[in-house]
1. Around Arg179, which amide H atoms from residues at least 5 apart in sequence, or from another chain, sit under 5 Å from its own amide H, with H modelled in the peptide plane?
2. HN-Hα J couplings of the stretch 25-36 from phi, Karplus 6.51/-1.76/1.60, θ = phi - 60°, integer Hz, Gly and Pro as x?
3. Find how much the distance from Ile118 to Leu25 grows on full extension, using 0.36 nm per residue of separation minus their present alpha carbon separation; answer in nm with one decimal.
4. Once you place label points 7 Å from the Cα toward the Cβ at Phe169 and Lys93, how far apart are they in nm?
5. Any idea of Asp7's accessible area? Nearest 10 Å², probe 1.4 Å.
6. With a Förster radius of 25 Å, plug the Cβ-Cβ distance of Asn10 and Ile33 into 1/(1 + (r/R0)^6) and report the FRET value to the nearest 0.05.
Amino acid sequence: MDSSNMDFLNLALTFPTIIFTALLLVVILFWVITLLGFADIDMFESDLDIEPSSSNSNSAHSAPNFGFGSIPITVSISLVVMLSWLISIYAHKFFAYLLGDGVLFYVFGFVMLVVSAIIALPIAVIISKPLQRFFSSVETSRSSDLLALECTVVTGKVTPTFGQGRVNFQGTEQLIEIRSHDEYPFSAGDTVILLEHIKKQHCYIVTAKPW
C-alpha cells in the first residue's frame with residue numbers, strides 16, 4: 001500500500017474524521033440490508049394519516065425538510081453523511097495544523113465536524129434535486145387512482161409486513177409501500193397488480209398479474 005493510501009486511511013481513522021467514518025459505515029450497512037430486502041428505504045418516515053382535503057395535510061407538508069422535498073430521510077441523511085465525510089477528510093488534511101494539542105485538539109476537531117456538516121447540507125440538497133422525481137410521494141395522488149395499476153417490486157422480497165414497489169402514475173414514478181399474502185412470494189423485479197389500499201398502514205396489497 002503506497003503512502004497516499006496510508007495517509008488517506010490515517011485521516012479516515014483518526015479524530016475528528018473517524019466520527020464521520022463510523023457514521024458512513026452505518027449508512028453503508030443500512031443500504032446493504034435494504035438491498036437484501038430486510039429494510040425499507042422510508043422506514044423512518046413519520047406515519048402520518050394524510051388526506052388531500054384535511055387540515056392535517058397542510059401541517060404535515062409544512063414541516064421542514066431542509067430542501068430535500070420528497071426524498072426519503074434515509075437518502076437525505078446518507079447524502080449528508082457521505083459529503084460530510086469527504087469534506088472532513090480534506091479539511092483534516094489541509095487544516096490539521098489548526099487542531100493544536102490537548103483539549104484544544106478536541107475542541108477544534110469538534111468545530112471541524114460541525115462546519116463539515118454545515119457545508120455538506122446545501123451541497124446534498126443540490127445533488128438531491130434530480131433524484132426527487134424518483135421519490136415522488138404517493139400522497140400527491142388519491143390512493144384509489146393507483147388501484148389496478150402495475151407495480152414493479154424493488155425490495156428483495158414482499159411479505160404481509162414488508163415490501164416496496166414503483167408504480168408509474170401520470171408519467172411520474174412513485175415509490176410505495178406494498179404487501180402481499182403468504183401465498184404470493186414476490187421478489188425484486190416482479191410485476192404485480194395493486195389490489196387494495198390499506199389506509200391505516202399506508203400501503204397496498206398486491207397480487208400476481210392475471211395475464
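The values are calculated or read from the model by the stated rules, or taken from the named source; none is laboratory data. None of these values were measured; they are calculated from a predicted model. Reconstructed Cβ throughout: ideal geometry from the backbone, glycine too, with neighbour counts over all protein chains shown. What goes into the accessible areas is simple: the full protein's heavy atoms, side chains included, and nothing from ligands, DNA or RNA. Shrake-Rupley method; radii C 1.70, N 1.55, O 1.52, S 1.80 Å.
1. Result for Arg179 returns Tyr204, Ile205, Val206.
2. Here the 3J(HN,Hα) series is 5, 5, 4, 4, 4, 4, 5, 5, 4, 5, 5, 7 Hz.
3. That works out to 31.5 nm of additional length.
4. 4.6 nm
5. So the heavy atoms of Asp7 present about 90 Å² to solvent.
6. Calculated transfer efficiency: 0.30.
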